[in-house]
Each structure stands twice: as structure tokens, then as C-alpha cells.
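See below for the structure under consideration.
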């Protein structure tokens with residue numbers, strides 16, 4: 001077994017075993033195990049598995065070029081706890097599937113590891129690694145509560161997903177019953193915690209959410225499907241902004257992936273700014289999410305060299321047969337804008353019907369124009385699902401996505417394809 005898996009499992013069960021005086025309070029299918037200690041401390045252990053089938057086909061071709069993939073999309077264990085001093089809390093979560101949020105095999109199993117302290121009843125400070133508040137709203141949602149089989153392409157294009165640093169959250173009730181929820185984030189800017197060299201500067205950002213009709217039922221603001229069937233309309237609208245000072249990856253999701261040097265062989269990295277607005281609405285089984293996001297970059301004018309993947313150094317920055325440092329650097333970053341709108345309805349029987357439209361617009365010089373991975377402006381998705389319980393304990397979902405390849409796309413082997421893509425997905429969620 002991978003040494004990292006052994007370490008994370010040992011850490012998880014060591015935390016449980018350390019509290020020997022705890023007794024199980026309750027178990028509800030899909031909501032996990034709850035333990036209480038004699039001194040007022042508590043632990044909640046949850047988890048879920050998501051087997052998945054991916055199907056892909058290209059239209060407009062004479063021969064069949066379909067492909068299929070069977071995988072364990074997620075296998076997660078999460079432990080949430082509080083100390084005897086109820087102001088202190090913690091979370092520890094691992095994904096033993098070895099698959100990242102965007103579907104790439106990373107071998108990095110640690111998702112969340114942070115401690116929290118409630119400064120007041122309205123303000124909480126967290127330190128460690130967790131999902132950041134400066135991504136689009138869909139990243140607020142737990143993976144086992146998604147409305148469709150997979151997250152939108154907007155999310156995979158722009159999100160940094162998890163980061164390491166300081167997070168401050170607030171919740172303020174207004175006189176008319178509405179709520180204001182501000183968030184502040186200060187992280188290392190390298191995505192998940194970088195145990196090697198920490199490159200560039202810090203990332204600072206925040207978000208502010210406004211809930212005019214009060215709070216959602218049972219944490220519904222952080223789950224996509226309206227399983228609680230809100231009896232009055234619930235709505236949240238928000239805006240977010242972040243400034244990453246010196247990134248060494250396409251969107252600030254990693255560290256050391258892309259490195260540039262100046263004439264003194266010192267690292268010189270571009271800044272990355274991201275901002276957007278989004279909303280969510282729920283009412284009697286109906287739910288809707290809308291998101292807009294935009295990214296920009298500032299490229300230092302002292303860059304003279306780049307580090308290749310093999311560690312060698314080159315002074316070549318060729319773009320369309322011309323030496324153009326600024327355009328070359330931008331061409332390796334996720335620069336552009338996108339919007340995503342999705343909606344769905346959950347019947348009382350547990351069946352759901354869902355639809356989504358995602359539109360991506362890459363800048364003139366951006367990795368979003370890469371024909372193998374992106375360069376697809378429109379995504380149209382229809383989905384159906386069946387929930388066996390109101391708490392996401394067991395559900396099965398299927399979706400089909402039509403992908404616009406009119407700008408010119410490649411297959412997974414980087415071979416040009418004169419057609420469009422059709423993606424089929426089936427995923428099952430089993431929680432305990």
C-alpha cells in the first residue's frame with residue numbers, strides 16, 4: 001500500500017483512538033457516526049465512495065473513435081471534531097482514490113487538515129489546508145451533493161480548489177432577517193500545501209455573500225440539490241476576488257510547474273488576478289446556480305529565461321515565429337472568462353432532472369486555446385438522477401454533454417479531430 005495512504009489512515013484513526021473515553025451517540029445513514037466525550041468534546045466521522053463510468057465519442061468522423069473509462073472517482077473519509085472548549089474545532093479529510101477534483105491522478109491523498117477557532121459567535125478563524133473561498137460557488141459544494149455527475153468546465157478551468165493558509169469567515173444577521181457572510185483568505189498561493197520550495201509570494205483575496213431571505217435549511221447553501229425542499233425562496237448572491245503574487249502554475253493550483261528567470265538567474269513570476277460573481281436559488285425542489293468568472297495576469301518585464309520540464313534552461317520564447325516573452329508566458333496560463341448556468345428539479349419521489357450550459361472565452365494568448373485540453377467554447381449538459389434518501393446517503397446519476405469543437409480540437413493523443421465531442425457519465429454515490 002502507498003506510504004502516504006498508510007500515514008493518512010494512521011493519522012485518522014489515531015485521532016479517534018486518542019479519545020478513548022468517547023461513546024457513540026448516533027448513526028444515521030449518509031450522515032456518519034457521532035461520538036461524544038465525557039468532557040464535552042465530540043467527533044463526527046463520515047465518508048463516501050463514488051464509482052464512475054466515463055464515455056467519450058467524436059462526431060463527424062467516419063470511423064468509431066469512442067473511448068471509455070471505469071474508475072473510482074472518489075473514496076473519501078472525513079473527521080470533524082470539537083474540543084471540550086467548544087470554540088476550538090478541526091477537520092481532517094483524505095481521498096484514498098488518488099484522483100484529484102479535476103480527474104487527474106495526483107497521488108496526493110490529503111484534502112483537508114485545519115483547525116478552527118470561533119473568536120465570537122459571528123467570526124471564525126481557520127488555519128491549515130481546505131477548499132478556498134475565492135473560487136466560484138460550485139467549489140463550496142461537497143462532491144457527494146453535486147446536481148450533475150461532474151462539476152462544470154468553468155470550475156476545472158479556473159479553480160485552485162484547495163489552498164494552505166489563513167481563512168476568516170463571518171456571519172452577520174441584519175435587522176430585516178437577511179444575512180451578510182464575508183470571507184477573507186491569505187494563503188501561500190500554491191494550491192495544496194507545498195512541502196518543497198514555496199515559490200512566489202502570497203495570495204490574498206476574499207468573498208462576500210448576501211442572503212436576502214435568511215439562511216438555507218440544513219446547510220443548503222453548501223449543497224446543490226434542494227433535498228430539503230425549501231418552503232420559502234432561499235437566495236444567495238456573492239462576489240469574490242483574489243490576487244496571487246507570483247504563480248508558478250497555470251492558475252495557482254500547484255508550485256514549481258512553470259518557472260521563469262531573469263538575467264541574474266533569479267525567479268521572476270507573473271501575478272494572477274481572478275474575480276467573479278455568482279448566485280444560487282432554491283425553492284420547493286427547484287434549484288439554480290449562475291456563475292461568472294474572469295482572470296488576468298501581469299507579466300514581469302525582466303523575464304529572460306524559462307525552465308523546461310526536464311530542468312534545463314532556455315531563452316527561447318517563440319510565438320508564431322516571433323520572440324515574444326509576454327505572449328509566451330500568457331499562453332501557458334488560464335486567462336480569459338467564463339460563465340455557467342445550471343438548473344434542476346427534484347421530485348418528491350427522489351428523481352431529478354437537471355441541465356447546464358457553460359461558455360468559455362479564452363484570451364488571445366491563453367492556455368484556454370490549447371486544442372487538446374480546451375479550445376471548446378460551449379458545453380451543453382442534460383442529466384437525470386435518483387436519490388434514495390434526503391441526506392445523499394445513496395444516489396445514482398447520469399448525464400450527457402455535447403461539446404462544441406468548432407474552433408478546432410484534438411483527441412487525447414493530440415491528433416486533430418474535425419468534429420465535436422459527446423461525453424456520457426454515470427456515477428453512483430454511497431455514503432455511510
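The values are calculated or read from the model by the stated rules, or taken from the named source; none is laboratory data. These numbers come from a predicted model, not from an experiment. No Cβ is skipped: glycine too gets one built from the backbone with ideal geometry, and neighbour counts run over all protein chains shown.
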Could you list, in sequence order, the residues of the range 330-347 that are out of contact with any helix residue (DSSP H, G or I) (no Cβ under 8 Å at 6 or more places or on another chain) and either under 19 Å from residue 270 (Cβ atoms) or without any contact (Cβ under 8 Å) to a residue 24 or more places away in the chain (or both)? 330, 337
Which members of the range 391-415 meet the condition of being modelled with pLDDT under 90, over 22 Å from residue 53 (Cβ atoms) and surrounded by fewer than 16 Cβ atoms within 10 Å (Cβ to Cβ)? 414, 415
Within the range 168-193, how many residues are under 18 Å from the mean Cα position of the chain (by Cα) and either farther than 14 Å from residue 128 by Cβ or in a loop (DSSP other than H, G, I, E, B) (or both)? 8
Of the residues in the range 312-329, those that are assigned to a helix (DSSP H, G or I) and either without any contact (Cβ under 8 Å) to a residue 40 or more places away in the chain or farther than 19 Å from residue 373 by Cα (or both) number 4
Given the condition over 30 Å from residue 380 (Cα atoms), in a loop (DSSP other than H, G, I, E, B) and modelled with pLDDT under 95, answer yes or no: does some residue in the range 301-308 qualify? no
Scan the range 355-366 and tell me whether some residue there is touching a residue at least 60 places away in the same chain (Cβ under 8 Å), surrounded by 16 or more Cβ atoms within 10 Å (Cβ to Cβ) and farther than 30 Å from residue 416 by Cβ. no
Every listed condition ((1) in contact (Cβ under 8 Å) with a residue 12 or more places away in the chain; (2) closer than 24 Å to residue 182 by Cα; (3) under 21 Å from the mean Cα position of the chain (by Cα)) holds for residue 210 save (3)
Which numbered condition residue 309 misses (of (1) over 19 Å from residue 135 (Cα atoms); (2) touching a helix residue (DSSP H, G or I) at 6+ places or on another chain (Cβ under 9 Å); (3) exposed (fewer than 13 other Cβ atoms within 10 Å of the Cβ)): (2)
Which members of the range 246-271 meet the condition of being modelled with pLDDT under 95 and over 18 Å from residue 157 (Cα atoms)? 256
